[in-house]
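Inspection log for the structure reproduced underneath, given as structure tokens.
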Amino acid sequence: MNRQEVLSKLCELCTTVSHNAFDYQHASDCFCDPNRYDRKSSFQFDETVLTFIQDAVHEKIKQHKRATMNQTQTDALANMYEIMTGLKTQVHQMTMQTEALQRNISVFERHMSHQKQNETCKDS
Ligand SMILES: [Zn+2]
């Protein structure tokens, strides 16, 4: 496309937005016609028209990014899932070990308290 073709397409797009989205309530004067360049003073163009196009493009980019999540990202997610699953298993094992340790401590404490009682009995 040459410069003029690009300008014409963009100009057409602005007119389409102005017509279909705003029913020509916002100015969007032609900026592609070289014969109009000398009439700069009368040029009117409402930013609302451009903002509408920007929002639409951003929305489209978001959709596109969501749809084309690449293989690297999919692999990274799979790796993360694997790591998380491994961590979950480790946490489970640690919990089991902690519970076993607590049981051992209880047994030890009971044993100690019995021993203390025996010593008290011997002393008296
Ligand atoms: Zn134009």
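What's the center-to-center distance, using Cα atoms, between segment 82-124 and segment 1-62 in Å? A separation of 75 Å, based on Cα centres.
Report, in debye and to the nearest 20, how large the dipole of the chain comes out about its Cα centre when Lys and Arg carry +1 and Asp and Glu carry -1 on their Cβ.
Numbers: 14 positive and 16 negative charges, 94 e Å.
Value, rounded to 20: 460 debye.
Taking only the Cα atoms of segment 5-75, the radius of gyration and Dmax are 16.8, 57 Å. This ranking places HIS58, HIS26 by how few other beta-carbon atoms lie within 10 Å of each, fewest first, which gives HIS58, HIS26. In segment 70-124, one over the average inverse separation of all distinct C-alpha pairs is 15.0 Å, which is the Kirkwood hydrodynamic radius. Evaluated on the chain, the Kirkwood hydrodynamic radius is 22.3 Å, with distances taken between all distinct Cα atoms. By the Cβ rule of 4.7 Å, the chain holds the following cysteines without a possible disulfide partner: CYS14, CYS30, CYS121.
Arranged from fewest to most other beta-carbon atoms within 10 Å of their beta carbon, THR16, THR95 become THR95, THR16.
Since every read-out is calculated from the coordinates, none of them should be taken as a lab result. What you see is a predicted model; the values in this text were computed from it and never measured. Note: ideal-geometry Cβ built from the backbone for every residue, glycine included; neighbour counts use all protein chains shown.
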